[in-house]
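To keep things clear, I will list the structure first and then write my remarks on it.
The values are calculated or read from the model by the stated rules, or taken from the named source; none is laboratory data. Every value quoted in this text rests on a predicted model; they were computed, and no experiment measured them. Quick reminder, even Gly has a Cβ in these numbers, built from the backbone with ideal geometry, and neighbours come from all protein chains shown. Each accessible area value is taken on the protein alone, full model and side chains, heavy atoms only, with ligands, DNA and RNA left out. Shrake-Rupley method; radii C 1.70, N 1.55, O 1.52, S 1.80 Å.
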Amino acid sequence: MIRMINVSKIYDSDGVMTEALRGGSLEICDGEYVAVMGTSGSGKSTLLNIIGGMDSVSGGEYYYNDLKVHEMSSSKLHIFRRDFVSFVFQNFELMKYYTVAENVEMPLLSKRMSASQRKKIVKEKLELLGISELAKKRPSHISGGQQQRCAIARALCSGNELLLADEPTGSLDQNTGSGIMDIFDRLNEMGKTIILITHDPNVAARAKRIIRICDGQIVD
């Protein structure tokens, strides 16, 4: 379970203080499917980054199950991300000189497993996402929807409990985006906890719960 109590985030840019989150509290249970909505600059990306350990809180408490994430150092946040969180980004963030299979394999390289074990897992994820035939292609040679499927397969390779997605359909046309959302629906049915940011009400409607952020304040 994710539990946040009076969480705030303040950024200091050359002495200019910007309050991105203002004392928000939130609970998300294991297996939930949550959409986060808000206008540009409302704080939704900041919230997602804090949940995923990409950023630290300025105040308040953040618990992931029994872990006190708000007390973690940068090195411990890195371990937290590695062991518990997977990310899917709007612009895919694929390595352009690597093949699809090599991109999907990336999270496994830090784990102690043989090349044959990694190959088996990559094959399973490519099959799950329906892109096995693209394994040897590079990202520049496949469509945007196929690149996003590759990014999701990469996120799943870690086997982490929590899947975070930042505007996962934002770079895709409506039909392709709908297909990507079908995948998220299926992953949630398989037990993944999913939290995604979106500005699209049609995408948000696919989630089981919508959290709104307005001027840094969480409206659950």
Matching residues, segment 170-182, being buried (at least 18 other Cβ atoms within 10 Å of the Cβ) and out of contact with any Ser or Thr (no Cβ under 7 Å at 6 or more places or on another chain): LEU172
With the structure loaded, tell me whether ARG82 is basic (Lys, Arg), assigned to a strand (DSSP E or B) and either in contact (Cβ under 8 Å) with a residue 40 or more places away in the chain or open to solvent by 20 Å² or more (accessible area, probe 1.4 Å) (or both) or whether it fails that test. no
So HIS70 fits all but one of (1) closer than 28 Å to ARG186 by Cα; (2) open to solvent by 30 Å² or more (accessible area, probe 1.4 Å); (3) in a helix (DSSP H, G or I); what number is the exception? (1)
State whether one or more residues within segment 141-149 are open to solvent by 60 Å² or more (accessible area, probe 1.4 Å), touching a residue at least 12 places away in the same chain (Cβ under 8 Å), out of contact with any Ser or Thr (no Cβ under 7 Å at 6 or more places or on another chain) and of a type in the set (Lys, Arg). yes
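Among the residues of segment 98-119 satisfying the criterion of being of a type in the set (A, V, I, L, M, F, W, C) and assigned to a loop (DSSP other than H, G, I, E, B), which is surrounded by the fewest Cβ atoms within 10 Å (Cβ to Cβ)? Steps first, please.
Residues of segment 98-119 of a type in the set (A, V, I, L, M, F, W, C): 100-101, 104, 106, 108-109, 113, 115.
Still in the list and also assigned to a loop (DSSP other than H, G, I, E, B): 109, 113.
Values: LEU109: 10, MET113: 12.
Of everything passing the filter in segment 98-119, LEU109 is surrounded by the fewest Cβ atoms within 10 Å (Cβ to Cβ).
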Strands (runs of 3 or more DSSP E) fully within segment 120-220 counting 1 or more residues that are charged (D, E, K, R): 162-166, 209-214
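This table checks each residue for (1) modelled with pLDDT of 95 or more; (2) within 18 Å of ASP166 (Cβ to Cβ); (3) under 18 Å from the mean Cα position of the chain (by Cα).
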{"site": "GLY38", "(1), (2), (3)": "no, yes, yes"}
{"site": "SER45", "(1), (2), (3)": "no, yes, yes"}
{"site": "ASP83", "(1), (2), (3)": "no, no, yes"}
{"site": "LYS96", "(1), (2), (3)": "no, no, no"}
Return yes when GLY41 is assigned to a strand (DSSP E or B), of a type outside the set (Lys, Arg) and over 17 Å from THR193 (Cβ atoms) and no when it is not. no
Here is a check on your reading of the model: is GLU32 at pLDDT 90 or above and surrounded by fewer than 16 Cβ atoms within 10 Å (Cβ to Cβ)? no
